[in-house]
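Student: Have a look at this one.
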Amino acid sequence: MNTKLFCGISLLLLPATPALAQQPASAPARAAAAAPGALVPYRINPGDELDIFVWGEERLQRTERVLPDGTFSFPLVGKVDALNALPSEIEARITKGLESQYRTAVPQVTVSVKMPAGLQFSVLGKVKSPGSFNPGRYVNVLEALSLAGGPGEFAQLSNVVILRKTPTGVQAIRVRLSDILKGQVSDVNNETLPLVRGGDTVIVP
């Protein structure tokens, strides 16, 4: 009887070893689930207002608005491509454009976002308050619906579509929100709950 009891206890303990071995593999899944709440570095959108300063150069201190094509013009540099760029990347582009104007190193260039107007998006379809919104921060598609007053009656939350403009055309991103609203959040990540970008149109059929 003692031998049988020992064997039974051993069999109960055996599954614990594979479970422990699988823990590192589940870490990315946990990270992905937490991703929607993580802070995202801000990237420039059309319509944004930028404060640009070149140290010691008063004539090169100005505010520029990013045009619909994602560019703006800067003295001595010309057209600067700002679409989806980080402020630090724009600093580097302006610095490079000014190199021919200085015999020594270019003074420090600082770019900051004065007004993130380019985060505007629209929510249409079966929502209580459809329209355009500019929250001034990144929001996911569920938060976008909340800004629009929430889903209306008979809204098909299993077939929400985000229409996104890209250089090659319009991309349709389908999102299934019905499971999330039922509390099924085990697989929530940036694919199942994507961020809404400036210029997006969210359609709730």
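The values are calculated or read from the model by the stated rules, or taken from the named source; none is laboratory data. Computed from a predicted structure; not experimentally measured. Here the Cβ is made from the backbone with ideal geometry for all residues, glycine too, and neighbour counts use every protein chain on show. Just the protein is used for accessible areas: all its heavy atoms, side chains included, with ligands, DNA and RNA removed. Shrake-Rupley method; radii C 1.70, N 1.55, O 1.52, S 1.80 Å.
Student: May I ask you to verify whether LEU142 is open to solvent by less than 50 Å² (accessible area, probe 1.4 Å), in contact (Cβ under 8 Å) with a residue 40 or more places away in the chain and either out of contact with any Cys (no Cβ under 9 Å at 6 or more places or on another chain) or closer than 13 Å to VAL196 by Cα (or both)? Steps first, answer last, please.
Tutor: Working: open to solvent by less than 50 Å² (accessible area, probe 1.4 Å): no; in contact (Cβ under 8 Å) with a residue 40 or more places away in the chain: yes; either out of contact with any Cys (no Cβ under 9 Å at 6 or more places or on another chain) or closer than 13 Å to VAL196 by Cα (or both): yes.
In short, no.
Student: While we're on this one: Only one residue in THR201, THR192 is of a type in the set (Ser, Thr, Tyr), modelled with pLDDT under 90, within 16 Å of the chain's Cα centre (by Cα) and open to solvent by 30 Å² or more (accessible area, probe 1.4 Å), so which one is that? Write out each step before concluding.
Tutor: Details: THR201 fails: modelled with pLDDT under 90.
Checking each option against the conditions leaves just THR192.
Student: From the list VAL123, VAL160, which one is crowded, with 18+ Cβ neighbours inside 10 Å, of a type outside the set (Gly, Ala, Ser), touching a Pro at 6+ places or on another chain (Cβ under 8 Å) and within 29 Å of ARG65 (Cβ to Cβ)? Can you show your working first?
Tutor: Numbers: VAL160 fails: within 29 Å of ARG65 (Cβ to Cβ).
None of the others qualify; the one that does is VAL123.
Student: Here's something else I'd like to know. Before we move on, is PHE72 aromatic (Phe, Trp, Tyr) and either in contact (Cβ under 8 Å) with a residue 24 or more places away in the chain or over 18 Å from GLN61 (Cα atoms) (or both)? If you could, list the steps in order and put the result at the bottom.
Tutor: On the way: aromatic (Phe, Trp, Tyr): yes; either in contact (Cβ under 8 Å) with a residue 24 or more places away in the chain or over 18 Å from GLN61 (Cα atoms) (or both): no.
No.
Student: Sticking with this one: Give me a count of the residues in region 61-87 that are open to solvent by 10 Å² or more (accessible area, probe 1.4 Å) and of a type in the set (Phe, Trp, Tyr).
Tutor: So the count comes out to 0.
Student: Taking only region 126-139 into account, find how many residues are among the β-branched types (Val, Ile, Thr) and either surrounded by fewer than 17 Cβ atoms within 10 Å (Cβ to Cβ) or under 13 Å from the mean Cα position of the chain (by Cα) (or both). Before you say what the answer is, go through the steps one by one.
Tutor: So in region 126-139, the residues among the β-branched types (Val, Ile, Thr) come out as 127, 139.
Imposing the further condition that a residue be either surrounded by fewer than 17 Cβ atoms within 10 Å (Cβ to Cβ) or under 13 Å from the mean Cα position of the chain (by Cα) (or both) reduces the set to 139.
The number of residues fulfilling the criteria is 1.
Student: Let me ask another. Looking at ILE162 and the list (1) touching a helix residue (DSSP H, G or I) at 6+ places or on another chain (Cβ under 8 Å); (2) without any contact (Cβ under 8 Å) to a residue 24 or more places away in the chain; (3) under 27 Å from LEU39 (Cβ atoms), which single condition is not satisfied?
Tutor: Evaluating ILE162 over (1) touching a helix residue (DSSP H, G or I) at 6+ places or on another chain (Cβ under 8 Å); (2) without any contact (Cβ under 8 Å) to a residue 24 or more places away in the chain; (3) under 27 Å from LEU39 (Cβ atoms) leaves (2) as the failure.
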